[in-house]
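Chemist: Could you have a look at this structure, given as structure tokens, before my questions?
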Amino acid sequence: ADHGLAVGQHGLMGKQNMYDHSLRVPFVVVGPGVKANRRIDAPIHLQDVMPTTLELAGTKRPEQVYFQSILPLLRDAVSAPRESEIYGAYLQVQRAWVKDGFKLILYPAGHVVRLFQVADDPHEMKDLAADPAHRSTLRRLFAGLVARQRQLGDPLDLAAGYPELAHE
């Protein structure tokens, strides 16, 4: 499936956003060795399809490809080691980082920051970004997002746009 449409959720109509209704889309796999009617809630990227296909074909994943095969997850969802972080980017206007039950969404052009505790707020309705109790969470997630940007070669300079998150 492609990213889902917002259809009015969060006041949005398209699919160019970082809320879960658009990021967490159905991903259906059918094939030999894949158990039928099984649901796995582990986060994956749609870009994981390519390394999965390469593994099925017996070809190694190129070193420069960050994304991972989901075959270990399909074989054993319980013990398969899987990164629990999701990085999201849309052009130069949005970035997101999901880790440890939280989601940070940044809109650099408007200097907007959103923070959701998705484990307790799965519909992302309570923005915690302005809550002083979550300041350290904001900074920790921001640091993780910037580190992943560097790893992926994302040139958008978030540290310059959000100095209050980049520095103590």
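For (1) among the charged types (D, E, K, R); (2) within 17 Å of the chain's Cα centre (by Cα); (3) under 27 Å from D41 (Cβ atoms), each residue gets a yes or a no:
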{"residue": "P72", "(1), (2), (3)": "no, no, yes"}
{"residue": "E85", "(1), (2), (3)": "yes, yes, yes"}
{"residue": "Q92", "(1), (2), (3)": "no, yes, no"}
{"residue": "K99", "(1), (2), (3)": "yes, yes, yes"}
{"residue": "K103", "(1), (2), (3)": "yes, yes, yes"}
{"residue": "L106", "(1), (2), (3)": "no, yes, yes"}
{"residue": "D127", "(1), (2), (3)": "yes, no, yes"}
{"residue": "F142", "(1), (2), (3)": "no, yes, yes"}
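Chemist: Could you please give the count of residues in region 98-131 that are on the phi > 0 side of the Ramachandran plot and either of a type outside the set (D, E, K, R) or open to solvent by less than 40 Å² (accessible area, probe 1.4 Å) (or both)?
Modeler: Quick first cut of region 98-131, residues on the phi > 0 side of the Ramachandran plot only: 100-101, 111, 124.
Filter once more, so that each one left must be either of a type outside the set (D, E, K, R) or open to solvent by less than 40 Å² (accessible area, probe 1.4 Å) (or both): 101, 111, 124.
Looking only at that region, the number is 3.
Chemist: Can you pull out the residues in region 150-168 that are under 24 Å from S22 (Cβ atoms), without any contact (Cβ under 8 Å) to a residue 60 or more places away in the chain and either of a type in the set (G, A, S) or surrounded by 12 or more Cβ atoms within 10 Å (Cβ to Cβ) (or both)? Lay out the reasoning, then the answer.
Modeler: Residues of region 150-168 that are under 24 Å from S22 (Cβ atoms), as a first pass: 151-156, 158, 161-162, 165.
Okay, now just the ones that are also without any contact (Cβ under 8 Å) to a residue 60 or more places away in the chain, so 153, 155, 161-162, 165.
Matches in region 150-168: G153, G161, Y162, L165.
Chemist: I need the full set of residues from region 50-65 which are touching a Phe, Trp or Tyr at 6+ places or on another chain (Cβ under 9 Å) and either in a loop (DSSP other than H, G, I, E, B) or open to solvent by 70 Å² or more (accessible area, probe 1.4 Å) (or both), in order please.
Modeler: M50, R61
Chemist: Is it the case that T137 is in a helix (DSSP H, G or I), closer than 26 Å to V29 by Cβ and hydroxyl-bearing (S, T, Y)? So that I can check it myself, show each step before the final result.
Modeler: Numbers: in a helix (DSSP H, G or I): yes; closer than 26 Å to V29 by Cβ: no; hydroxyl-bearing (S, T, Y): yes.
Here the answer is no, as T137 does not meet what is asked.
Chemist: Select from region 106-134 the residues that are in contact with an Asp or Glu (Cβ under 7 Å, 6 or more places away or on another chain) and part of a strand (DSSP E or B) and list them in ascending order.
Modeler: R114, L115, F116
Chemist: Give region 10-30 a look and list any residue that's of a type outside the set (A, V, I, L, M), part of a loop (DSSP other than H, G, I, E, B) and without any contact (Cβ under 8 Å) to a residue 12 or more places away in the chain, or say none. Break it down into steps so the answer makes sense when it comes.
Modeler: Looking only at region 10-30, we keep the residues that are of a type outside the set (A, V, I, L, M), and these are 10-11, 14-17, 19-22, 24, 26-27.
Restricting the remaining residues to those that are part of a loop (DSSP other than H, G, I, E, B) gives 14-17, 19, 24, 26-27.
The one that is of a type outside the set (A, V, I, L, M), part of a loop (DSSP other than H, G, I, E, B) and without any contact (Cβ under 8 Å) to a residue 12 or more places away in the chain: G14.
The values are calculated or read from the model by the stated rules, or taken from the named source; none is laboratory data. A quick note: this is a predicted structure, and the numbers were derived from the prediction, not measured. Note: ideal-geometry Cβ built from the backbone for every residue, glycine included; neighbour counts use all protein chains shown. Accessible surface areas use protein heavy atoms only, side chains included; no ligands, DNA or RNA. Shrake-Rupley method; radii C 1.70, N 1.55, O 1.52, S 1.80 Å.
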